[in-house]
Amino acid sequence: MESSAYPYGANWEENFIGFGSGGFHDAALWYYSRMDNPSSFVVQDGYYSFFAYREELGAMPFPQTPRVLYHKNPLDQVICQLRFPPILRIEAAIPADFQDSIRDAFPGFAESSELKVEMPPEVSDQVPPSILRQMVQPPHLKSFEFASEDGKRKVHLTRTFLALSTSDYHRWETFKEVLKRPLDALIQVYSPQYFVRIGLRYIDIIRRSKLGLSGVPWRELLCPHISAVLGYPGVGENVETQEAMYAVTLDDPSGAVRIRTNFVEAKDDGEICFVIDSDFFTDQKTSLQEAAARLDYFNTRGSRLIRWCITERLHLAMEPEQL
């Protein structure tokens, strides 16, 4: 399944910008030598920028693909964040009414600070703990966490955002139903007028041993536009670190996705895993009524993106079930 040429033809438009440094330099040069339009390759401020291409499907940056449920799901975290103009009442008192609305699903509670000021050891050692806490955790930057009994789902509430995260993602409909509880509670108790930012983030960690793919080169599992230098024969096998970031405008110009890829080591045995971190977002003012549709839109693009990143071999190893 190795491919030494960019898989998409010259009818793809310039839309996709990638930035990289270090080892990513080789990947940029590799792409440069295979581009249909090499003049689109530029160097800016020491960074190599190159344009991949998007399929001529209207203004769609990622090709449509059948929706599937992966039985060997690589998702490590899914995070949804809804930002709104500051509501000072959230910090003025413990959010008891909010908690009561979601406590059966999120019985755990913790309070923390969004910002911590580091104190020099020679100072902190001389200050009583009660005073130190007041100094390093400003009371106006409170963050409230509500967790499920197993700790796999967490809701965070601050004066500027509501977020839901899960390490046990199965399918979109389930996640959206879980999100509905804290979102309804937020609207009922605090009445935000609108959202200033909506984000939906997927963090996939591809661990080859769990997919029966131990020893399989990354070039056989990741498409060339994602594997970059990892797909270069004779070099990819010797890459020790890898990191890249891409910013892509979606077909709705008010939305975008930041894609980050890198290696991580598994904590238990040190296995090298590949991370695909895709953060979909809009900074456009969004009404409360439009939020659900916006998240549905991001979810659909997220499904297309992960399929666009991986080869058929990896796709099949994750045991897809078409929905």
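Some observations on this one:
- Test: residue in the range 208-219 that is more than 30 Å from residue 158 (Cα to Cα) and hydroxyl-bearing (Ser, Thr, Tyr): yes
- Checking each residue in the range 189-217 for being open to solvent by less than 40 Å² (accessible area, probe 1.4 Å) and part of a strand (DSSP E or B) picks out 195, 198, 199, 200, 202, 203, 204, 206.
- Among strands (runs of 3 or more DSSP E) entirely within the range 81-171, having at least 3 residues that are modelled with pLDDT of 90 or more and surrounded by 15 or more Cβ atoms within 10 Å (Cβ to Cβ) singles out 142-147, 153-157, 161-166.
- Candidates 266, 292 - the one that is open to solvent by 10 Å² or more (accessible area, probe 1.4 Å), closer than 18 Å to residue 204 by Cα and among the aliphatic types (A, V, I, L, M): 266
- For the range 235-260, filtering for residues that are under 19 Å from the mean Cα position of the chain (by Cα), without any contact (Cβ under 8 Å) to a residue 40 or more places away in the chain and not in a loop (DSSP other than H, G, I, E, B) leaves 3.
- Selected residue (only one of 278, 287, 254, 227 is among the small types (Gly, Ala, Ser), under 23 Å from residue 61 (Cβ atoms) and at pLDDT 95 or above): 278
- Selection of the range 223-234 for residues being open to solvent by 50 Å² or more (accessible area, probe 1.4 Å) and touching a residue at least 24 places away in the same chain (Cβ under 8 Å) yields 232, 233.
The values are calculated or read from the model by the stated rules, or taken from the named source; none is laboratory data. Since we're looking at a predicted model, the values are computed, not measured. Glycine also receives a Cβ, built like all others from the backbone with ideal geometry; neighbour counts cover every protein chain displayed. All accessible areas refer to the heavy atoms of the entire protein, side chains included, with ligands and DNA or RNA removed. Shrake-Rupley method; radii C 1.70, N 1.55, O 1.52, S 1.80 Å.
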